1. Quick check on segment B:201-219. Is at least one of its residues modelled with pLDDT under 75, surrounded by 19 or more Cβ atoms within 10 Å (Cβ to Cβ) and not in a strand (DSSP E or B)?
2. Let me spell it out: the conditions are (1) farther than 29 Å from residue B:171 by Cβ; (2) part of a strand (DSSP E or B), and residue B:229 meets all of them except one. Which number is the exception?
3. Considering only segment B:67-89, state which residues are away from chain A (no Cβ under 14 Å) and out of contact with any helix residue (DSSP H, G or I) (no Cβ under 8 Å at 6 or more places or on another chain).
4. Have a look at B:218, B:214, B:274, B:306 and point out the one that is within 22 Å of residue B:46 (Cα to Cα) and in contact with a helix residue (DSSP H, G or I) (Cβ under 7 Å, 6 or more places away or on another chain).
5. Which residues, counting only those in segment B:104-124, are assigned to a strand (DSSP E or B), surrounded by fewer than 22 Cβ atoms within 10 Å (Cβ to Cβ) and at pLDDT 90 or above?
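The values are calculated or read from the model by the stated rules, or taken from the named source; none is laboratory data. Being a predicted model, the structure only gives us computed values, none of them experimental. Ideal geometry is used to build each Cβ from the backbone, glycine not excepted, and the neighbour counts take in all protein chains shown.
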């Protein structure tokens, strides 16, 4: 009896150790979290002539700085992920990279309509990035007026790198789709970082913080930016909780029946 | 500047390695301790165990490091001895890399303290926990602090019948108080730590909840037993922010049940249990899998317990050393933080040091 119980425990431990994943059910094929992690894909319609504020990205925006952007044509943009959707995507990609076949997943082809929306989003992202220098200058001037100095060059360089990333997207596979999705979110994230660092804090604190960093705020920003680029490239970047296109855009429509299961 | 950042890192590392644990050995057993009849689990798992001992006094201190393998392989942690000579960019990059390991809302580190006294079926406990919670993943990673305190008091009675049958029933009333901050960007957190006088832009929320736990444990002949508990009966958290706005946070009722068996031979003892946690919230197949748990504890003399468990499909293991009034428990287990069950397993390293008189 004693020997039987002990041997059962030992065998159980060996079984656990032989599992390829920490979750025993998943390892034994009884359950696959990927079957339950697929979200729905939505787009946002941005008509030509509408205007939104690139910094209007959080609910508690204090209105010190404003950068309006008017798209040059009509766009149907893949909607920016909510925090929960973003976390699900990141966790899914991370899970696949650790326990599944991420390459196979990312190389799955997009259907025709998804390609069209991906291309439209790519055009939209490219347009913003082409005009980003003027945004950064406006931002810099506004910050200067608020008594906070930044060197816009490193930010401009960061967005130029992002533009190269967008250039390389062909909108053929899920990897392209997610890259474009994350590009939109990364743009917002960088503005979010600026917001957190220079606006969300009080002016005095921001100045103190910058001085504590030995006036090397650009190095700090470069570190953050480099990190963001790296994360985007491996599709593990976090996405900010903010909605880049704001609440001015109201014409949502659900593509879940067309590209169900893409995420 | 580097010195201050180094101090911050070292503080975090100390917080992580000053490991603590409330019911660490329970985690090592997959939380399968509902039938254990151990007074240590009276306030955390089954109030009926208040009747398990005429007298007990426990003062445990525990700490948990979440996503342990990811954190311990981080550049900053691996090269902690060289941290003073690191350049600023590497430090920032290291911090962001560390936070990126979390990807979602999950704790980074938690510390818990408790003092619990039981006397002839009556018991009282004061516990506190402090957690640093991450939200998001890299540039958008936010951190928040979560402080909780619980004051508990309860009573249990055990009815002994013939032929080895017994029934123990107990109830505990809990008063919980919670203070938490709104999530703040990493840069804001670092800035405020560097400049304690800066108020930053944190919002602080606080609130309380009054709830009750009840539990029953029935023992049968030949070492078999069953248990049933209901926890968090009562109210939700009534919260207020620093602007005076009120809202509520759910404090869902959880019903657990389990069946167990105990045996002992010479200097060996074995405690087995299988159960369902939160079975009242099962709505789907994944919920069912997440609810199932099982655990085993092998006692070698009275001084060493080897614990194994499976909680929601995730394995756990640990060891408890008991010497006079000192108890040290270590556990390594997996816990899921996925938005979808199974999607974000993270390993947790935990340690508990306790003074225990019984």
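1. no
2. That leaves (1) as the condition not met.
3. Those that are away from chain A (no Cβ under 14 Å) and out of contact with any helix residue (DSSP H, G or I) (no Cβ under 8 Å at 6 or more places or on another chain): B:79, B:81, B:82, B:85.
4. Only one candidate qualifies: B:214.
5. B:111, B:113, B:115, B:117, B:119, B:122, B:124
Yes/no matrix, rows are residues, columns are (1) part of a helix (DSSP H, G or I); (2) surrounded by 22 or more Cβ atoms within 10 Å (Cβ to Cβ); (3) modelled with pLDDT under 80; (4) over 20 Å from the mean Cα position of the chain (by Cα):
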position: A:117; (1), (2), (3), (4): yes, yes, no, no
position: A:123; (1), (2), (3), (4): yes, no, no, no
position: A:144; (1), (2), (3), (4): yes, no, yes, yes
position: A:155; (1), (2), (3), (4): yes, yes, yes, no
position: A:165; (1), (2), (3), (4): yes, no, yes, no
position: A:175; (1), (2), (3), (4): yes, no, yes, no
position: A:182; (1), (2), (3), (4): yes, yes, yes, no
position: A:186; (1), (2), (3), (4): yes, yes, yes, no
